[in-house]
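Derivation of every value follows stated rules applied to the coordinates shown; laboratory data play no part. Here the structure is a predicted model, which means the values were calculated and not measured. Cβ sites come from the backbone with ideal geometry, for glycine too, and all protein chains shown count toward neighbours.
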Amino acid sequence: MTARRPGRKTWWKTALGVLFTALMLFPVYWMFNVSLTRTRDLRADPPHWFPWDPTFEGYEAVLGQQLPALGTSLLIGAGCVVLTVLVAAPAGYALALLNLRGRRTLNFVLLVAQMIPAVVMAMGFYAVYVRLGLLNTVGGLIVADSTVAVPFAVLLYTAFMSGIPREMLQAARMDGAGAWRTFVSVVLPLSRNSTLTVSLFAFLWAWSDFIFASTLNRNGNLIPITLGIYNYIGNNTTQWNAIMATAVVASVPAAVLLVVAQRYVAAGVTAGAVKD
Amino acid sequence: MTTIPTAVGTSRDRRGVAGTVPATPAGRRRRHAPGPSRWAAVGFAAPLLVYLALFYAYPLWRNIDLSVHDYTIRAFVQGNAEFVGLEKYAEVFGSSTFPAALWNTAVFTIVSIVLQYSIGLALAVFFRSSFRLSAVLRGMFLVPWLLPLIVSASTWAWMLNSDNGIVNSVLAAFGVGQINWLTSPDTALLAVTIANIWLGIPFNLVILYSGLQNIPGDVYEAASLDGAGAWKQFWSITFPLLRPVSAITLLLGLIYTLKVVDVIWVMTTGGPGTSSTTLAIWSYREAFGTGQPDFSPAAAVGNVLILIALVFGFLYLQLQRRQEES
């Protein structure tokens, strides 16, 4: 099936592949194109397929108004990564290597947890936070966002750590290392790639979250960028170039991560495949 | 975006095998070896257990509590809502929105996953044969799925705009009249479904592609020696051998499409009327979408949604277990 002579015979496949990719990525291109279009040209008929006469009004508006929102999103993303790794890495160790009693049940609970709709979690968190006064706080949002990542992260760590050769752990024990020392100086360094994958997804999910932000942080002073876009749509239905410019800026982390860490992305999807 | 997490489950029974199989005998040995005490295990798992209790169990319990009381925003703060038992559930089931939301959920979910899967599989088969740039192009297919949902949803909303959208102006070139994608009750559900299919293709492509990698190449070689063409090979080899992976991909897609809120909310807010209202959207709208939050029915709808998701969830776990055994 796999072509043995790449080159002449497969050029049409490359052409077809480029065509498919172009079709698939057209909305992304269009977002970019609209973000550079002048307001008066937005309603041009036929539409401008290429920004020959680009404007940066939209981007100026983003930098003028949305910088705090971008900062908030960064903060929430980073907080979510830290919380997720702190909770998930030791749990993965306990599940994979320490014969935790009831680990089957715990695995099961984690799988079920991933099936609970976010809208239900949002209502539950709202009910809890309204009493505790945690609505509209960055901390509250970090915790809520992390619920998406934690079960995934524990399962990913468990899958990876159960593949660590036992000899390495026994060698550490021979040297007199306890469970904690083994975890910190053997297991964690070996799991570096899992930590990268987990961090990447925890960050991206927190960065992209809309449901929790729009329910738990609606009236906050510090709103994340997703809510910034949403409010923008509500307020300026005509300024689509500015909306799309915000969208482009909000997509930057995804683009960067895809370029820098594509193998970790693919590894996250087909998790457990992370191997050193 | 939330489609990824359970990929863990999917892969554990295929790729993960490499990790778990050698581990099992060693694990058995460890039980006899004097290892760290069980208390150490509990200690390392403690943060997770506390986390699950505080941030999963408690909000979920509060959600059930909401659905069996009559919560107004005032009662919410004071905490003196009246207990009404299952009355809110009766209200929800009796509401005229319920059949509409159930139907929309079914259409949205089934059409989405069937097309995501078909297109994803076709692309996976296409990318299986290596050609110049194939890896790069396959990587680029991930882009839509990494973008924040609100970004994709607002882009689609503008593309499908009745007067100035690119979709309508392309269709006009083919002589199709203006379609009010998002504002007509006839097409709103179709419009959000199209956007959702686009969003789901990368996930299906990645999972199915890695499933294809596990089919040994010599099976195909034997088939082509027997004179089977590409079409025949697909139906007699690829498709049957991929069935376990397909089943899991479809079920996961189903569970995750049931929960979709962002895309629909940003594009149509479930309207016009209830024409694109799914159960998840209905719940979101009751609780957060209007000026007057109505948490009790929203929580009831949410709990119904959990039940539906869990039914398919257990089906998924059952399937996964059966595959691990075989």
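Comparing mean-square fluctuations of B:V125, B:V170, B:V261 from a GNM of chain B with C-alpha springs under 10 Å, the top value falls on B:V170.
Take each residue of peptide A:81-92, count the partner chain Cβ atoms within 10 Å of its Cβ, and average: the result is 3. Size of region A:54-153 from its Cα atoms: along the principal axes, largest to smallest, the extents are 60, 33, 21 Å.
Altogether, the Stokes-Einstein calculation at 25 °C and 0.890 mPa s, with the Kirkwood radius of region A:1-104 over Cα pairs as Rh, returns a diffusion coefficient of 125 µm²/s. Each label point was placed 7 Å from the Cα along the Cα-to-Cβ direction; for A:T39 and B:L315 their separation is 5.1 nm. Would you tally the net charge around A:P224, using a Cβ to Cβ cut-off of less than 14 Å, leaving A:P224 out, and scoring K and R as +1, D and E as -1? Combined, the nearby Lys, Arg, Asp and Glu give -2.
The value of relative contact order for chain B, using C-alpha pairs under 8 Å at least six residues apart, is 28 percent. In order along region B:103-114, phi translates into HN-Hα couplings of 4, 4, 4, 5, 5, 4, 5, 5, 4, 4, 5, 5 Hz, rounded to whole numbers, per the Karplus curve 6.51 cos²θ - 1.76 cosθ + 1.60 with θ = phi - 60° and x for Gly and Pro. Label separation (A:V18 vs A:R131): 6.2 nm, computed from points 7 Å beyond Cα along the C-beta direction. With the simple model of a label 7 Å out from the Cα in the direction of the Cβ, A:W49 to A:W11 spans 2.4 nm. A Gaussian network model of chain B, with springs between Cα atoms under 10 Å, assigns the largest mean-square fluctuation among B:G291, B:G85, B:G271 to B:G291.
Mean-square fluctuations from a GNM of chain B, with a 10 angstrom spring cutoff on Cα atoms, peak among B:R62, B:R243, B:R132 at B:R132.
Computed from the C-beta positions of B:S184 and A:T105, the FRET efficiency with R₀ = 51 Å rounds to 0.55.
Between the amide H of B:H69 and those of B:V84, distances stay under 5 Å, these residues lying 5 or more places away or on another chain, with hydrogens modeled in the peptide plane. Using bins of 10 Å that start at zero, the share of Cα-Cα pairs per bin across chain A amounts to 6, 22, 25, 23, 16, 7, 1, 0, in whole %. Charged side chains reduced to their Cβ positions (Lys and Arg at +1, Asp and Glu at -1) give chain B a dipole of some 1440 debye around its Cα centre. Of the two radii for region B:88-325, the radius of gyration is 1.04 times the Kirkwood radius, both from the alpha carbons; that is the Rg over Rh value. Taking a Cβ cut-off of under 12 Å around B:T72, the surrounding Lys, Arg, Asp and Glu residues balance to a net charge of -2, with basic ones at +1 and acidic ones at -1.
Measuring nothing but how far apart in sequence close Cα pairs (under 8 Å, 6+ apart) lie, relative to its length, region B:162-294 scores a relative contact order of 28 percent. Cα centroid distance between region A:10-43 and region B:159-219, in Å? Value for the Cα centre distance between the two parts: 14 Å. Converting phi to 3J(HN,Hα) with the Karplus coefficients 6.51, -1.76 and 1.60 and the offset θ = phi - 60°, region A:71-79 yields x, 4, 4, 4, 4, 5, x, 5, x Hz in sequence order, with x at every glycine or proline. For the pair region B:281-326 and region B:129-154, the centres of their Cα atoms are 29 angstrom apart. Candidate cross-link partners of B:K88 among the aspartates and glutamates, defined by an alpha-carbon separation under 15 Å and a same-chain spacing of 8 or more, comprise B:D65, B:D70, B:E286, B:D294.
With θ taken as phi - 60° and the Karplus curve 6.51 cos²θ - 1.76 cosθ + 1.60 applied, the whole-hertz 3J(HN,Hα) list for region B:119-124 is 5, x, 5, 4, 5, 4 Hz, x standing for glycine and proline.
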